[in-house]
Amino acid sequence: MSNIKLIAVHFIKTVWKGKVIVPIYLVWLALVLYAVFTGYATYTRQNEIRKEYQARARQSWEANPDKHPHRMAHFGSFAFRVKHPLSMFDNGMESYTGNAVYLEAHKQNTANYSEASFSTGLLRFGELSLAMLLQTLLPLILFFLGFNAVAQQRENATLKILVSQGATFKQIIWGNSIGLFAVAVAFLLPVLLSTLTGIALQSTTTADAGLFIRCAVIGAGAIIFLWVVSVLAIVISAVSSTGRSALLSLLGMWLMMAIVLPKTLQAIGSYVYPAPGKIQFQAAVEADILQQGDSHNPDDVHFKKLKDSVLRANKVDSIQQLPFNYSGYIMQEGERMSAQVYNRHLQQLHTIYDRQNRVSYNAAFIDPFIGFKNITMAFSGTGFSAFLSFQQQAEKYRYDLAQTMNVLQMKYISNKKLSSTDKPYSIDKSHWTSFPDFRHRYQSVNEIIQQQWVALVALAAWLLLSVILIHFTAAKATVI
Amino acid sequence: MYKLAFYNFIRSRSVWIALVLFFAAGMVSILIGRQFLLKQEAAIQSVTRSQQEHIGRNVKYIKNEFGLLMYYLKFAYINKPAPIAALAIGQQDVNSNIQALTVRGLEAQRYDTDLYNPYNLMTGNFDLSFVITCLFPLLIIAFNFNVLSREKEGGTWPLVKMQSLQPMKFILQKLSIRCIVVSALLLSLLILAKLIVGIPVNAAFGAYAIVAFLYVLVWFAISFLLIVLHKSTSVNALLLLSAWVLLCLLVPGLINNYVTARYAVPEAYSTLIKQRDGYHTKWDKDKDSTLQAFFHEYPEYRNYVWNKPSFNYLWFYAMQHMGDAEAREHSRAMHQQLRQRSRVSATAGLFFPATHAQLQFANIAQTGMPQHLQYLDSTVHFHERLRRYFYPKIFGDSAVDSEHWAQHVPVYFHAACNVQWIQLVLPLLFTGIVLFGAGVVLFKRNPA
């Protein structure tokens, strides 16, 4: 046991005495500061803007005078996506998802104005977030600091001396791994500290943000990930005959795991499970809606049948005698049917996306970098499911708005046709204020865990594997 | 002697493994680009087909109300990617390049995005421009990092110095051999790309190739500069890789974070709200004021009847247009902000070879942000033409049957393609020469 401690301390001392650690750490601090400052500025400014415009949109909604409720259904509303405080830590895929969506009757609009649509190709190199520094840069630094640990001792034959003095390979690998991991924690600390400071500076974090548990999961994930990376570095160093070959293997591994695999796996996913574009999607929705019945078509069978059954059920023989507004009823029915069709198609589309993403999710078992990234994104509220959740909330609000206006029309608007000289039907404007504004809610942590259990299990598997790897390598390693 | 050194280099097994790997990566990237192009092509064909069906179906149902028909009809305006877009997908996967527009308010339509999986966008495209800007430097580093240090660490350097009159010539010779090999790889990938994707050999393709070669040369210059610092093999590796991390990973992120934090685009949201309010509030306002404002811009429609029945399509489309008119100022401010973002990124990118190359590849392939802004701007003209064509028919309530509907096929946007050679070439050339010159000076001072 004391051997492990000795070796770990020796590793840390060697790193500390080396010429590179101080400049690397200073650059690291500068990058962390830059990432947290820009992340904080973007987060606060964006949420400020979005909340302001959500309020402005609401103001003009409430400023509407008395009018026909269907005009209000067309007036519509907006949903602005509120950023989660942890997006300061990890932008995830947020830059690629729309931030605002116009909500109106009869029509599901896309969420537009993503950061990416406002950006040049530089965005595609990847953003500089705290999470990116942890996921991509820190492993590279650790590989640099660790590649020589055992290999150099083998090269200059001190390994022989060490083993002959009673140290076992198990102890050597454990000791160096712990030493490298301790260095990794020194790099992790400023990241965690600045994230927590950024969050603490927020005066307006909401209760549903689940900050404590999200931070805990990300922190634990980071610790496991860095441990796995440290072990990989030392194990490769232990099996390489020279420091140079250890460095090359580690760099190759980094390039594969951090850069090439994430890109290619996602490309494979989208190639194997092709998703329709908007035009094909809309054509399919339109075709299905037409098959179900078209409320615009006066000869449509579905709506003719509907009319007959409504008249029969109310024991009347003309629309004028109905106790509610018939065209409001028809629109309610039309909205229900078209939303149903649309949502079914959207569900299918999301299933395809999910299959595409599964390739990456499952790859967490061969590439811990991907798994860790999926965890930080999901728990920072910037992952795929966070966006789906926003879309669903927006669609639900849209549907409720349209149907509330239809119900108001059924209740308060007469069936009698007006002549061109009559004042058009209208209802009191107090109805507008009584319909609540849209409010974006964050996902619950339970939901996220359900969606990202693969990544969590994969990371746990890597932790287990790291221990197995140490023992396996120790058994096979030789002094020369 | 040169020939011998050349054969010596390419006889190495690891060199061949590296070349095969990079060739494979290049081929995969070309195929991914081709796939992208095919998908775009399929979407364009599908919209061309569905536009006819869509018009036909609506014309069948709405036979006698031109204004109502035009509420629904959509007309496609397409920004068709050039074949070379396969080599630099740029922002083309983010920005929708097919707009299906009605004659109603434009501002509510033209920012509509396509449907896509954000995870795909986030991981980015493995296209040839990515392979060249991000991966090729690694190959160059792997070839060069121990060119000098190996001789010194192997103890052969004094021998070289004794036998060769100019040690500098010796290093340059070695570098040039490697440069020929990397250039041959690049050239073969470009030729294959041309054949597989079917890219015409024109100014754009030439510009792409020149940027790629210059970029490769810049990385050789960087290698040369760091090699002649006479550090050990592992320090060389560390330095070169740090240069790669800095230029290909950190600098783009630094610039991008700055632009994102500094230039928020609230104008986008104000455009959105303004256009909604601009149109919808007109329902509650005096018809006359709306129409006078409309006639002010379009006096030619003054003679159509608009004040007879309570609902009239001239009034309706005037209201729609006023939504655009009132949002115009915000929309313009938004575009200005976006241009500003694009300019700042491009200017900052000038100073760093990887960012400059990446932005230029996208510019050449017409898949960058400036080109998308051009396309967005031109939707205004497309929409205007569409409205001016249909307005008289709507306002005069023409017979639906009298229109020759088959002529309304999708319209294509044509970007003005002019390669700005000086802006393209100069930054890379300049960086390359400065780095190389610095290397020569350093070596002359300390040829150890």
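The values are calculated or read from the model by the stated rules, or taken from the named source; none is laboratory data. Since the model is a prediction, treat every value here as computed from it, not as a measurement. Quick reminder, even Gly has a Cβ in these numbers, built from the backbone with ideal geometry, and neighbours come from all protein chains shown.
Within region A:260-277, the set of residues being facing chain B (nearest Cβ under 7 Å) and either in contact (Cβ under 8 Å) with a residue 60 or more places away in the chain or touching a Phe, Trp or Tyr at 6+ places or on another chain (Cβ under 7 Å) (or both) comprises A:P262, A:K263, A:T264, A:Q266, A:A267, A:S270, A:A275. Taken over region A:432-462, the criterion of being surrounded by 16 or more Cβ atoms within 10 Å (Cβ to Cβ) and in a helix (DSSP H, G or I) is satisfied by A:W432, A:V445, A:I448, A:Q451, A:Q452, A:V454, A:A455, A:L456, A:A458, A:L459, A:W462. If you go through region A:82-99 and pick out every residue that is at the interface with another protein chain (Cβ under 7 Å from one of its Cβ atoms), buried (at least 24 other Cβ atoms within 10 Å of the Cβ) and in contact (Cβ under 8 Å) with a residue 24 or more places away in the chain, you end up with 1.
Within region B:255-297, the set of residues being at the interface with another protein chain (Cβ under 7 Å from one of its Cβ atoms), aliphatic (A, V, I, L, M) and in contact (Cβ under 8 Å) with a residue 40 or more places away in the chain comprises B:I255, B:V265, B:A268, B:L272. Among the residues of region A:114-131, is any touching a strand residue (DSSP E or B) at 6+ places or on another chain (Cβ under 8 Å) and either surrounded by fewer than 23 Cβ atoms within 10 Å (Cβ to Cβ) or at the interface with chain B (Cβ under 9 Å from one of its Cβ atoms) (or both)? Checked against the condition, which is being touching a strand residue (DSSP E or B) at 6+ places or on another chain (Cβ under 8 Å) and either surrounded by fewer than 23 Cβ atoms within 10 Å (Cβ to Cβ) or at the interface with chain B (Cβ under 9 Å from one of its Cβ atoms) (or both), region A:114-131 yields no hits at all.
If you go through region B:415-448 and keep only what is of a type outside the set (V, I, T) and assigned to a loop (DSSP other than H, G, I, E, B), you end up with B:A415, B:A416, B:C417, B:N418, B:Q420, B:N446, B:P447, B:A448. Answer yes or no as to whether B:A293 is assigned to a helix (DSSP H, G or I) and of a type in the set (A, V, I, L, M). Against the criterion (assigned to a helix (DSSP H, G or I) and of a type in the set (A, V, I, L, M)), B:A293 qualifies. Among the residues making up region A:249-294, a single one is among the basic types (K, R) and closer than 30 Å to A:V341 by Cα: A:K278. Scanning region B:298-341 for residues that are of a type in the set (A, V, I, L, M, F, W, C), within 14 Å of chain A (Cβ to nearest Cβ) and surrounded by 13 or more Cβ atoms within 10 Å (Cβ to Cβ) returns B:W306, B:W315, B:F316, B:M319, B:A327, B:A333, B:M334, B:L338.
Specify the residue that is nearest to A:Y329 (Cα to Cα); the eligible residues are those in region A:51-70 that are touching a Pro at 6+ places or on another chain (Cβ under 9 Å) and modelled with pLDDT under 95. Reasoning before the result, please.
At the first step, the residues of region A:51-70 found to be touching a Pro at 6+ places or on another chain (Cβ under 9 Å) are A:52-53, A:67-68.
When the remaining residues are screened for being modelled with pLDDT under 95, the result is A:67-68.
On the way: A:K67: 18, A:H68: 15 Å.
Residue satisfying both the conditions and the ranking: A:H68.
Condition (residue is out of contact with any Ser or Thr (no Cβ under 7 Å at 6 or more places or on another chain), among the aliphatic types (A, V, I, L, M) and under 29 Å from B:V235 (Cβ atoms)) applied to region A:172-180: is it met by at least one residue? First the steps, then the outcome.
The initial filter retains those residues of region A:172-180 that are out of contact with any Ser or Thr (no Cβ under 7 Å at 6 or more places or on another chain), namely A:172, A:174-176, A:178-179.
Narrowing the set further to residues that are among the aliphatic types (A, V, I, L, M) leaves A:172, A:178.
Cutting the leftovers down to under 29 Å from B:V235 (Cβ atoms) gives us A:172, A:178.
Within region A:172-180, one or more residues are out of contact with any Ser or Thr (no Cβ under 7 Å at 6 or more places or on another chain), among the aliphatic types (A, V, I, L, M) and under 29 Å from B:V235 (Cβ atoms).
The helices (runs of 4 or more DSSP H) located wholly in region A:280-399 that include 3 or more residues which are of a type in the set (A, V, I, L, M, F, W, C) and within 11 Å of chain B (Cβ to nearest Cβ) occupy A:326-362.
Here is a yes/no grid of residues against (1) surrounded by fewer than 23 Cβ atoms within 10 Å (Cβ to Cβ); (2) of a type in the set (A, V, I, L, M, F, W, C); (3) modelled with pLDDT of 95 or more; (4) more than 22 Å from the chain's Cα centre (by Cα):
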| site | (1), (2), (3), (4) |
| --- | --- |
| B:Q366 | no, no, no, no |
| B:V380 | yes, yes, yes, no |
| B:R387 | yes, no, yes, yes |
| B:D397 | yes, no, no, yes |
| B:S402 | yes, no, no, yes |
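For region A:139-161, a tally of residues being surrounded by fewer than 21 Cβ atoms within 10 Å (Cβ to Cβ) and either among the hydrophobic types (A, V, I, L, M, F, W, C) or more than 14 Å from chain B (Cβ to nearest Cβ) (or both) returns 5.
If you go through region A:417-427 one residue at a time, do you hit one that is away from chain B (no Cβ under 14 Å) and touching a residue at least 60 places away in the same chain (Cβ under 8 Å)? No, there is no match, as no residue in region A:417-427 is away from chain B (no Cβ under 14 Å) and touching a residue at least 60 places away in the same chain (Cβ under 8 Å).
Take region B:229-241 and flag every residue that is among the hydroxyl-bearing types (S, T, Y) and either touching a strand residue (DSSP E or B) at 6+ places or on another chain (Cβ under 9 Å) or more than 9 Å from chain A (Cβ to nearest Cβ) (or both).
Result: B:S232, single match.
Rundown of residues vs (1) surrounded by fewer than 21 Cβ atoms within 10 Å (Cβ to Cβ); (2) within 8 Å of chain A (Cβ to nearest Cβ); (3) touching a residue at least 60 places away in the same chain (Cβ under 8 Å), yes/no style:
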| residue | (1), (2), (3) |
| --- | --- |
| B:Q35 | yes, yes, no |
| B:K39 | yes, yes, no |
| B:Q45 | yes, no, no |
| B:M70 | no, no, yes |
| B:Y77 | no, no, yes |
| B:I84 | no, no, yes |
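The residue that is farthest from A:Y102 (Cα to Cα), counting only those in region A:35-54 that are within 8 Å of chain B (Cβ to nearest Cβ) and touching a residue at least 60 places away in the same chain (Cβ under 8 Å), is A:A35. Consider region B:18-30 and keep the residues that are more than 9 Å from every other protein chain (Cβ to nearest Cβ) and surrounded by 19 or more Cβ atoms within 10 Å (Cβ to Cβ). The one that is farthest from B:H404 (Cα to Cα) is B:F22. Evaluated against (1) more than 10 Å from chain A (Cβ to nearest Cβ); (2) touching a Pro at 6+ places or on another chain (Cβ under 6 Å); (3) not small (G, A, S), B:T123 falls short on exactly one condition, (1).
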